[in-house]
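Asker: This is the structure, below, for whatever I ask next.
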Amino acid sequence: MTTLQISLFGTLKCFYDDRLLELDARKAQELLCYLLLHPTQQHEREKLATLLWLDKSAPHSKKYLRQALWQLQTALDIGPTCPPLLLVDHQHIGIHPAADYWLDVAVFEQAFFAVEKQSGQQLEEKQVEMLQSVLPLYTADLLDGWYTDWSIYARERYQTMYLSLLDKLTEYLEVHHQYAAAIAYAESMLQYDRARERTHRQLMRLHYLTGHRTAALHQYDACVAALDEELSVPPAQSTVALYEEICADQFSLPGRKSDSTPTKGKDPTNLPRTTLHELQQIRSTLSALQNQVTQLIYHLEQR
């Protein structure tokens with residue numbers, strides 16, 4: 001049974017047999033967190049020293065690394081019965097491949113990759129239960145309050161994963177008519193990105209489907225305000241179209257029967273509004289993904 005438990009969401013916390021391990025030195029904390037976020041690599045000491053002490057000379061940064069490593073090893077000295085967490089030699093420092101520990105971000109990441117290539121509609125019930133059990137691990141952003149380049153990049157990466165999982169669950173719950181739970185997850189997404197237009201549209205639909213037409217219209221107003229304040233852009237045509245459908249009480253879920261059925265060979269512009277709405281949603285999703293990729297490339301280039 002794993003008795004060493006480490007959490008990186010929010011603030012760093014290390015427990016051994018339910019006892020909090022004291023690790024007060026900030027640089028020792030940074031060293032541990034960086035190693036845990038890259039557990040399969042053995043890192044050169046020189047590169048670690050440069051990463052953690054950018055403003056120091058090489059001799060000084062190497063000295064400070066030795067001090068931080070000693071502080072870290074002292075804090076993690078929890079007896080001979082526990083395999084060492086760190087693998088250390090004269091040139092490299094890393095996580096020991098045989099180390100026995102539990103790490104919240106590792107569990108979270110494993111869940112993300114298990115469903116990464118599936119849409120919310122494709123999730124199976126067991127996968128939904130797994131995600132619902134894992135999401136509470138994300139108590140706050142990764143290493144909240146740290147502003148080193150590497151921690152900011154990692155924080156944004158895990159936040160993107162978190163929003164993706166929330167989005168998948170929201171989509172699954174909407175399709176399965178569990179609207180109240182879907183609303184809760186969608187509102188959680190807006191706490192992290194209030195200008196997330198796709199989520200505003202989800203909430204507009206969900207409020208309308210629960211019989212709260214006024215709430216759906218208010219959600220549109222909130223979307224318009226957020227887009228203007230955060231990005232200085234108007235809502236997408238798909239958002240406006242959804243708003244107009246709700247205003248006219250003409251919104252229906254994609255897949256429901258429509259009065260007009262497309263006929264083979266007809267002009268594609270005559271497709272029913274439900275099909276048009278789906279395509280507009282796909283376009284918006286692709287645009288959001290493109291923005292995320294652009295941001296990730298930017299941060300990688302700055303490293």
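Asker: Criterion first (loosely packed, with under 12 Cβ neighbours inside 10 Å and over 30 Å from residue 128 (Cβ atoms)) does residue 84 satisfy it?
Answerer: In short, no.
Asker: Among 174, 197, which is touching a Pro at 6+ places or on another chain (Cβ under 9 Å) and under 23 Å from residue 249 (Cβ atoms)?
Answerer: Just one listed residue meets the conditions, 197.
Asker: If you don't mind, there's one more thing I want to ask. Which condition number does residue 152 fail, the rest of (1) touching a residue at least 40 places away in the same chain (Cβ under 8 Å); (2) buried (at least 18 other Cβ atoms within 10 Å of the Cβ); (3) over 18 Å from residue 175 (Cβ atoms) being met?
Answerer: (2)
Asker: Within the stretch 180-267, which helices (runs of 4 or more DSSP H) (wholly inside it) include 1 or more residues that are at pLDDT 95 or above and within 20 Å of residue 121 (Cα to Cα)?
Answerer: Output list reads 197-209.
Asker: Is there a residue being surrounded by fewer than 16 Cβ atoms within 10 Å (Cβ to Cβ) and in the same structural domain as residue 141 (by TED's automatic domain parsing) anywhere in the stretch 200-209?
Answerer: No, that holds for no residue.
Asker: Answer with yes or no whether residue 41 is closer than 20 Å to residue 8 by Cα, surrounded by 16 or more Cβ atoms within 10 Å (Cβ to Cβ) and not assigned by TED's automatic domain parsing to the domain that holds residue 142.
Answerer: Taking the combined requirement at face value, the residue does not satisfy it.
The values are calculated or read from the model by the stated rules, or taken from the named source; none is laboratory data. Small disclaimer: the values here were computed from a predicted structure and weren't measured. So basically every Cβ, Gly included, is an ideal-geometry build from the backbone, and we count neighbours across all protein chains shown.
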